[in-house]
1. Determine, yes or no, whether THR48 is closer than 19 Å to ARG31 by Cβ and out of contact with any Lys or Arg (no Cβ under 7 Å at 6 or more places or on another chain).
2. Got a sec? Which of GLU91, GLU78, GLU20, GLU98 is farther than 17 Å from LYS134 by Cβ and either β-branched (Val, Ile, Thr) or at pLDDT below 80 (or both)?
3. Kindly provide the set of residues from the stretch 72-104 that are surrounded by 10 or more Cβ atoms within 10 Å (Cβ to Cβ) and among the hydrophobic types (A, V, I, L, M, F, W, C), ordered by number.
4. Across the stretch 47-80, what is the total count of residues that are without any contact (Cβ under 8 Å) to a residue 40 or more places away in the chain and hydroxyl-bearing (Ser, Thr, Tyr)?
5. Is it fair to say VAL63 is assigned to a loop (DSSP other than H, G, I, E, B), surrounded by fewer than 11 Cβ atoms within 10 Å (Cβ to Cβ) and not polar (S, T, N, Q)?
6. Can you pull out every residue in the stretch 106-120 that is in contact (Cβ under 8 Å) with a residue 24 or more places away in the chain, in a strand (DSSP E or B) and either crowded, with 17+ Cβ neighbours inside 10 Å or hydroxyl-bearing (Ser, Thr, Tyr) (or both)?
7. Exactly one condition in (1) exposed (fewer than 13 other Cβ atoms within 10 Å of the Cβ); (2) closer than 19 Å to PHE53 by Cα is false for THR129; which is it?
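The values are calculated or read from the model by the stated rules, or taken from the named source; none is laboratory data. Model, not experiment: these values are computed from the prediction. Positions of Cβ are generated from backbone atoms using ideal geometry, with glycine treated the same way; all protein chains shown enter the neighbour counts.
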Amino acid sequence: MSRRSEKEQTRVARGGADAERGGRTYVESVRLMDLSSDASYLPPLDVTESGGFVRVTLEMPGVSAEQVRVLVRGNCIEATGEKQPDFPAGEVSFLRLERGFGRFCRTFEVLGPVDLGNVSARQKDGILTITIPKITERRGKHRRIPVIQE
């Protein structure tokens, strides 16, 4: 296996871009740590990273945008809501019940170079997509601090 293909496998496996520094390769990536509590319903999700964005996609059929709340608290993103059952009115006997219902709260701690001040969320056809822009310059803006002689 060539050295280049090992680097490429590391980049793909860790989901980040290679950065060359002093002859060493470092992988810069964004990590999301799931802090979700045990809830009656946890919507399945995918986390992807491409271009300048990280996307968290939650599958929530039957849940409208008005029933979902997305918050940024510190370095955490929280998606909460409730999936209501759609059973017929009256007494129902289940022969099989696999779908989940109830309140949910998916919370993620975001670690890495992202701009949590510009997170956006969109919902279409039962899919909630939370888009987190990545920061291209990790060092941020430089600002000179004046030193005052006392």
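1. No: the conditions fail for THR48.
2. Of the residues listed, the single one that is farther than 17 Å from LYS134 by Cβ and either β-branched (Val, Ile, Thr) or at pLDDT below 80 (or both) is GLU20.
3. Answer for the stretch 72-104, where residues must be surrounded by 10 or more Cβ atoms within 10 Å (Cβ to Cβ) and among the hydrophobic types (A, V, I, L, M, F, W, C): VAL72, CYS76, ILE77, ALA79, PHE87, LEU97, PHE101, PHE104.
4. The number of residues fulfilling the criteria is 3.
5. Numbers: assigned to a loop (DSSP other than H, G, I, E, B): yes; surrounded by fewer than 11 Cβ atoms within 10 Å (Cβ to Cβ): no; not polar (S, T, N, Q): yes.
Considered against the rule, which asks whether it is assigned to a loop (DSSP other than H, G, I, E, B), surrounded by fewer than 11 Cβ atoms within 10 Å (Cβ to Cβ) and not polar (S, T, N, Q), VAL63 comes out as no.
6. Answer for the stretch 106-120, where residues must be in contact (Cβ under 8 Å) with a residue 24 or more places away in the chain, in a strand (DSSP E or B) and either crowded, with 17+ Cβ neighbours inside 10 Å or hydroxyl-bearing (Ser, Thr, Tyr) (or both): ARG106, THR107, PHE108, VAL110, VAL114.
7. Here THR129 clears every test but (1).
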